[in-house]
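Student: Before anything else, here's the structure in question.
The values are calculated or read from the model by the stated rules, or taken from the named source; none is laboratory data. All values reported here derive from a predicted model rather than from experimental measurement. Here the Cβ is made from the backbone with ideal geometry for all residues, glycine too, and neighbour counts use every protein chain on show.
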Amino acid sequence: MELSKSEALFAQAQQYIPGGVNSPVRSFRAVGGTPPFIARGEGARVWDVDGNEYIDYLGSWGPLVLGHSHPAVVEALKKTAEGGTSFGAPVEGEIELAKLICELLPSVDSVRLVNSGTEACMSAIRLARAFTGRNKLIKFAGCYHGHADGLLAMAGSGALTHGIPTSAGVPESYASETLVADYNDIESVEKFFLANPTDIAAVILEPVAGNMGVVPPAPGFLADLRRITQENGSLFIFDEVITGFRVGPNGAQGLYGINPDITTMGKIIGGGLPVGAYGGRKDVMEMVAPLGPMYQAGTLSGNPLAVSAGVATLNELKKPGTYEKLESLAQRLTEGATKAFQSAEIPSTINRVGSMFTGFFNAGPVSGLSHAEGSDTATYGSYFHAMQEQGIYVAPSQFEAGFVSTAHTEADIDATIAKVSEALNTLR
Ligand SMILES: *Cc1c(COP(=O)(O)O)cnc(C)c1O
């Protein structure tokens, strides 16, 4: 595969940008090789600067549920840009996005817009601490909530791939306020509450984990957490940065019928532009400045371009049949891939919730970080490169989710399954 233009650009990038990338997961450190520089995307496809075409299952790491350059999103952006891109003053689009989010997420009475998922989670933690007057936080090994200090303890995604369980530069005093429990293991949470009955401000989790690869919540796990947090006066935070409007029209909270106190969002609600949000119960959100004493602000928050892309995306998603289509395409893909793995006799476990999925090189079951880490990451690396050769763009790490968009077709899925078989045959 010709990658000479990407290779030249990557060499240049490394001169001016640490590691040549603005987010470590893009660097291909986990799988080796040169990341293709992307020139263009349309629908379910991207093209790199050397002209290679790929069917894309990365979807910009989650936001692009409608695929690339969706006409409704592009139109909204053009129209908004012509009228000015930032005012630092209220605009009507902010209400539209906030109203859509409040209508769609049953537990969210009001919502504050920020610029990234990291900011959303960082602010949600501060809010939970402000509301409860407590300092400690429970998170789960393998769950990623952005790169704020204190949330990088045993975080997933790039932090896992790059072997940085806790980042350098995080004061021990911050990290010591974070208690790390095991996903789908309620006893590991009960233990912390017994030891710290009045100190825990919140439990934060990905209701469907995506950043250790996809791991669904075990039956009853979310309900148990809801009960324990309530009994102990702690807040329950759903990090729906990936799952929000991905696993269903009402997020993971709608899918599993659990109402968290605070929800964080990002990715899809920005339609491919930088956005995050945190929202929740009225009495909790009333702590946020200017109503209350919890300070949080942003020069570009509620940015007109970003909110118009988000509104366009959520309105497209509201059209009838959208989630049924995503479900059926993703099911078709994972069923076909499962058969391909079986006939290649390569041990695998494919986890999927809605249109997010991960194929682990591991006989499974994969229900937590220790299982995910039992995967054969060297084989994943070979598989990744074989797929790239075949024109299929998947995450450059075992510990990530893949995504199907509404722009994929059954023909794309069937072509992909055939490529999976070919790629797996090169590994035998
Ligand atoms: C991506 C992600 C974040 C961080 O969002 P950024 O926009 O990258 O800062 C937080 N939580 C989860 C679950 C994510 O997947």
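Student: So Gln253 clears everything in (1) of a type outside the set (Val, Ile, Thr); (2) more than 21 Å from Asn315 (Cβ to Cβ); (3) surrounded by 19 or more Cβ atoms within 10 Å (Cβ to Cβ) except one condition, right? Which one?
Tutor: Every condition holds for Gln253 apart from (2).
Student: Looking at the stretch 238-263 only, could you name the residues that are over 25 Å from Gly321 (Cβ atoms), away from the ligand (no atom under 11 Å from the Cβ) and not polar (S, T, N, Q)?
Tutor: Ile258, Pro260, Asp261, Ile262
Student: Test Gly266 against the stated conditions and say whether it is within 11 Å of the ligand (Cβ to nearest atom) and either within 23 Å of Val114 (Cα to Cα) or at pLDDT 95 or above (or both). Steps first, answer last, please.
Tutor: Values: within 11 Å of the ligand (Cβ to nearest atom): yes; either within 23 Å of Val114 (Cα to Cα) or at pLDDT 95 or above (or both): yes.
Spelling it out, Gly266 is indeed within 11 Å of the ligand (Cβ to nearest atom) and either within 23 Å of Val114 (Cα to Cα) or at pLDDT 95 or above (or both).
Student: Give me the pairs: first residue in the stretch 260-282 and closer than 21 Å to Asn303 by Cβ and in contact (Cβ under 8 Å) with a residue 60 or more places away in the chain, second residue among the basic types (Lys, Arg) and away from the ligand (no atom under 11 Å from the Cβ), beta-carbon distance under 9 Å, and six or more apart or on different chains, which are they?
Tutor: As it stands, the answer is Ala277/Arg112; Tyr278/Arg112; Gly279/Arg112, since those pairs meet every condition given.
Student: Here's a check for you: in the stretch 90-124, which residue that is of a type in the set (D, E, K, R) and either within 16 Å of the chain's Cα centre (by Cα) or within 15 Å of Ala312 (Cβ to Cβ) (or both) is farthest from the ligand (Cβ to nearest atom)? First the steps, then the outcome.
Tutor: So the first thing to find is which residues in the stretch 90-124 are of a type in the set (D, E, K, R), and the list is 92, 94, 96, 99, 103, 109, 112, 119.
Filter once more, keeping what is either within 16 Å of the chain's Cα centre (by Cα) or within 15 Å of Ala312 (Cβ to Cβ) (or both): 92, 94, 96, 99, 119.
Values: Glu92: 24, Glu94: 18, Glu96: 21, Lys99: 22, Glu119: 7 Å.
Among them, the one singled out is Glu92.
Student: Kindly indicate which of Val189, Val241 is crowded, with 20+ Cβ neighbours inside 10 Å, of a type in the set (A, V, I, L, M) and over 30 Å from Val311 (Cα atoms).
Tutor: Working: Val241 fails: over 30 Å from Val311 (Cα atoms).
Val189 is the lone residue from the list that is crowded, with 20+ Cβ neighbours inside 10 Å, of a type in the set (A, V, I, L, M) and over 30 Å from Val311 (Cα atoms).
Student: Here are the criteria: (1) buried (at least 20 other Cβ atoms within 10 Å of the Cβ); (2) of a type in the set (Lys, Arg); (3) part of a loop (DSSP other than H, G, I, E, B). Tell me which single one Lys319 does not satisfy.
Tutor: Among (1) buried (at least 20 other Cβ atoms within 10 Å of the Cβ); (2) of a type in the set (Lys, Arg); (3) part of a loop (DSSP other than H, G, I, E, B), Lys319 violates only (1).
Student: Also, quick follow-up: Of all residues in the stretch 127-149, which are surrounded by fewer than 21 Cβ atoms within 10 Å (Cβ to Cβ), farther than 19 Å from Val275 by Cβ and within 16 Å of the ligand (Cβ to nearest atom)?
Tutor: Within the stretch 127-149, Asp149 is the sole residue that qualifies.
Student: If you take the residues in the stretch 59-78 that are hydrophobic (A, V, I, L, M, F, W, C) and in a helix (DSSP H, G or I), which one is nearest to Phe245 (Cα to Cα)? So that I can check it myself, show each step before the final result.
Tutor: So in the stretch 59-78, the residues hydrophobic (A, V, I, L, M, F, W, C) come out as 61, 64-66, 72-74, 76-77.
The next check asks that each one be in a helix (DSSP H, G or I); those that pass are 61, 72-74, 76-77.
On the way: Trp61: 14, Ala72: 17, Val73: 16, Val74: 20, Ala76: 19, Leu77: 20 Å.
Step by step, filter the stretch 59-78, then rank; the result is Trp61.
Quick grid of which residues meet (1) modelled with pLDDT under 90; (2) away from the ligand (no atom under 15 Å from the Cβ); (3) of a type in the set (A, V, I, L, M):
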| residue | (1), (2), (3) |
| --- | --- |
| Gly158 | yes, no, no |
| Pro165 | yes, yes, no |
| Val170 | yes, yes, yes |
| Ala195 | no, yes, yes |
| Thr198 | no, yes, no |
| Ala201 | no, yes, yes |
| Pro217 | no, no, no |
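Student: Does Gly41 meet the test of being at pLDDT 95 or above and more than 22 Å from Thr264 (Cα to Cα)? Spell out how you get there, then give the answer.
Tutor: Values: at pLDDT 95 or above: yes; more than 22 Å from Thr264 (Cα to Cα): yes.
Spelling it out, Gly41 is indeed at pLDDT 95 or above and more than 22 Å from Thr264 (Cα to Cα).
Student: Also, I was wondering about something else. Within the stretch 326-335, track down each residue that is of a type outside the set (Ser, Thr, Tyr) and surrounded by 17 or more Cβ atoms within 10 Å (Cβ to Cβ).
Tutor: Result: Leu326, Glu327, Leu329, Ala330, Arg332, Leu333.
Student: For the stretch 384-428, enumerate the residues that are crowded, with 22+ Cβ neighbours inside 10 Å, among the small types (Gly, Ala, Ser) and farther than 22 Å from Val247 by Cα.
Tutor: The answer is Ala423, and nothing else.
Every residue, every condition in (1) surrounded by fewer than 21 Cβ atoms within 10 Å (Cβ to Cβ); (2) touching a strand residue (DSSP E or B) at 6+ places or on another chain (Cβ under 8 Å); (3) part of a helix (DSSP H, G or I), yes or no:
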position: Pro347; (1), (2), (3): yes, no, no
position: Phe357; (1), (2), (3): no, yes, no
position: Asn362; (1), (2), (3): no, yes, no
position: Pro365; (1), (2), (3): yes, yes, no
position: Ser382; (1), (2), (3): yes, no, yes
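Student: Then there is this: Tell me yes or no: at least one residue of the stretch 38-57 is under 22 Å from His408 (Cβ atoms) and within 16 Å of the ligand (Cβ to nearest atom).
Tutor: The answer is yes; a qualifying residue exists.
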